[in-house]
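Novice: Below is a structure I'd like to ask you about.
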Amino acid sequence: MMYRSILRFALVLVAGSTLFLITACGSGEPASPAGADAGFVAGDGSIVVLPVAGRQPAPALIGPTLEGGTFDLSMVKGQVVVLNVWASWCAPCRAEAPALEAAWLKFAGQDVQFIGLNTRDSPKSAEAFVNRFKVTYPSLIDTDGQLQLLFRDTLPPQAIPSTLIIDRQGRVAARALGTVSESSLRALIEPLLEEQP
């Protein structure tokens, strides 16, 4: 009887130590930037397109770009704007990068402006991403996610990646949660180009 009690105590002690070690191992350095996964929601691929009457004005979006300049959304009013929220640590963002670049090149010379919104990331990692995927449109730096939050009263980009389409009058017209394809981007952009600015 005494032997069984000692054996149970030893097993509980071993199990507790193992649990402590597993917990301690999980508290090491994160693979992504601090806070990168906090509140991360994967997109479900859904697309919402709003009728003209249901569109809200996009917020005043101004911020520094990875290239060292400043982007001001009000300066591109009259153009269709494709705003893609991304991060270098996001696998779906890597998957969709070629489609976004292809669509950007397809609409070159038309009234379409692509802009990335690099969120909860380090500029160094973001620059490596842009170079790796040969992204030629500009990206805003949104290290703390505050620029992304500006859209909370319109169609909020609730996932990473998310893509917002802003019409020629500066209103949020559509949102895609999750990875987008070149064909889905064309389908969202082309009708807006036909609308009067």
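Novice: So ILE165 ticks every box in (1) at pLDDT 95 or above; (2) part of a helix (DSSP H, G or I); (3) in contact with a strand residue (DSSP E or B) (Cβ under 8 Å, 6 or more places away or on another chain); (4) under 22 Å from ASP44 (Cβ atoms) but one. Which box is left unticked?
Specialist: (2)
Novice: Next question. When you go through (1) under 24 Å from ALA159 (Cβ atoms); (2) free of Cβ contacts under 8 Å to residues at least 60 places away in the same chain; (3) assigned to a helix (DSSP H, G or I) one by one for VAL130, which number turns out not to apply?
Specialist: Result: VAL130 passes all but (2).
Novice: Looking at the stretch 82-89, is at least one residue closer than 16 Å to LEU177 by Cα, polar (S, T, N, Q) and touching a residue at least 60 places away in the same chain (Cβ under 8 Å)?
Specialist: As a first pass, look at the stretch 82-89 and keep what is closer than 16 Å to LEU177 by Cα: 82-87.
Remaining after also requiring polar (S, T, N, Q): 84.
From the residues that got through so far, the ones that are touching a residue at least 60 places away in the same chain (Cβ under 8 Å) too are 84.
Yes, that holds for at least one residue.
Novice: Does the stretch 57-86 hold any residues that are acidic (Asp, Glu) and modelled with pLDDT of 95 or more, and which are they?
Specialist: Across the stretch 57-86, the qualifying residue is only ASP72.
Novice: Take the residues of the stretch 168-193 that are assigned to a helix (DSSP H, G or I) and either in contact with a strand residue (DSSP E or B) (Cβ under 8 Å, 6 or more places away or on another chain) or basic (Lys, Arg) (or both): which is farthest from VAL85 (Cα to Cα)?
Specialist: So, considering only residues that are assigned to a helix (DSSP H, G or I) and either in contact with a strand residue (DSSP E or B) (Cβ under 8 Å, 6 or more places away or on another chain) or basic (Lys, Arg) (or both), the one farthest from VAL85 (Cα to Cα) is LEU193.
Novice: From the set of residues in the stretch 156-179 that are over 20 Å from MET75 (Cα atoms) and touching a Pro at 6+ places or on another chain (Cβ under 6 Å), which is surrounded by the fewest Cβ atoms within 10 Å (Cβ to Cβ)?
Specialist: Within the stretch 156-179, the match that is surrounded by the fewest Cβ atoms within 10 Å (Cβ to Cβ) is THR179.
The values are calculated or read from the model by the stated rules, or taken from the named source; none is laboratory data. Given the structure is predicted, the values throughout are model-derived calculations rather than measurements. Counting neighbours? That spans all protein chains shown, and the Cβs are built from the backbone with ideal geometry, glycine included.
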